[in-house]
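No lab work stands behind these numbers, since they all come straight from the coordinates. Please read all numbers here as calculations on a predicted model, not as lab measurements. Cβ atoms come from the backbone with ideal geometry, glycine included; neighbour counts cover every protein chain shown.
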């Protein structure tokens, strides 16, 4: 049972709303104007507010402003018989949970009240700092990538990262740089597909003043900018054959020649990436075989997100934390994300989480909040996903450990609360913690 404040100068409307609130099992408190509402909010604990927009004296928007200044406000839904674009936008900007037009049906009122009581408005969000790690993932595929990075990080061997668009190839490249001996040097990223071919040579190797029309000053180029550090050549598979030959020479001789300038030695580690099948491109004659083998010293392949199911929820929660929105996924939302196919991979997941972080008013994000995704997850049964090659007990254990760690994160490592979230008794949870080697005070 919750305390619901109804603020409206129309006595008939107040009584009608109070009757519905009472029928739903809650206690209705009433105020005829904004000033009385603020006084009542000072004296009593109120869980949610239905606030009329147009009232004599202090209107609903002014009440919202004052509540926002106070902080720790209950969820507020604004009601009005005269909705306009300006008052709707302003109400939402000031932190309203929702903005409804009168008359309001009983079912609509019940639904919005349920949603208000399930979450909190922006002023009550708890801000959590994102973890320092950016290479998030506990799937077998990502564990393999993490191990490979650990082995190669301190070498200067060239690395070729392959995978579909949006799988996180630049994140992996940055992790290689940050964990290696070149981490004190610069990390320079160049998207070869985004730069016109007639400008790419200057972008990579630089140019001398006067080398061509418009070259009014010397330019270093990406190779020299990355001196002592790492150069990330993204989408190298889109590069034409002539430029491939120049890249090959730079890699072989560790020397670059600016356009119109003199050869210069460089000390740089090259990490390349592509979403294309370079082996097929070599066979087709669109990619140089010698350059392929020069880049392909240490290959890293990133599978699509749909083949890394164990990474989906941890990544989603990481992106929410980075957004500093104080929001959490409901169990139903997490299940929805796992079932969705993610054709845009990690990039699509990040965009989805950034969107709900802004658009969802409550603390908890539900499955319905992801209705904007391209396809229904119901069209992709769990069997369509490529689980790691392991037996059923191992797969169940992997999922169980992930859920336990997630519950501990959400509860601030409170084991009693984590057990409640998981719907298991504490003794069973303690046994599972010992089984998976999860310390009781472990930072998750």
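Taking the chain as a Gaussian network of alpha-carbon nodes connected by springs under 10 Å, the highest mean-square fluctuation of the residues 206, 25, 221 belongs to 25. Using only the Cα atoms of the range 155-302, build the gyration tensor, take square roots of its eigenvalues as a ≥ b ≥ c, and label the shape rounded, prolate or oblate: rounded if a/c is under 1.5, else prolate if a/b is larger than b/c, else oblate. Oblate, since a/c reaches 1.5 and b/c is not below a/b. Normalising by residue count, the chain has a Cα convex hull of 208 Å³ per residue. All distinct Cα pairs of the range 204-246 go into the 1/r average, and the inverse of that average, the Kirkwood radius, is 12.0 Å.
As a length-normalised measure over Cα pairs under 8 Å and 6 or more apart, the relative contact order of the chain settles at 13 percent.
Compared with the rule-of-thumb size 2.2 N^0.38 Å for a compact globular protein, the range 333-373 has a Cα radius of gyration ratio of 1.08.
Available extension along the chain between residue 165 and residue 9 is 50.6 nm, counting 0.36 nm per residue and deducting the alpha carbon span.
Packing, taken as the mean count of other beta carbons within 10 Å per residue, orders the peptides 315-323, 27-35 from highest to lowest as 315-323, 27-35.
Calculated [222 nm] ellipticity per residue, helices only, for the chain: -13000 deg cm²/dmol; basis is -39500 (n - 2.57) per DSSP H run with n ≥ 4, divided by all residues, nearest 500. Entry for the range 3-124 at q = 0.13, 0.18, 0.21 Å⁻¹: log10 I(q)/I(0) = -0.42, -0.88, -1.27, Debye formula applied to identical alpha-carbon scatterers, no solvent contribution.
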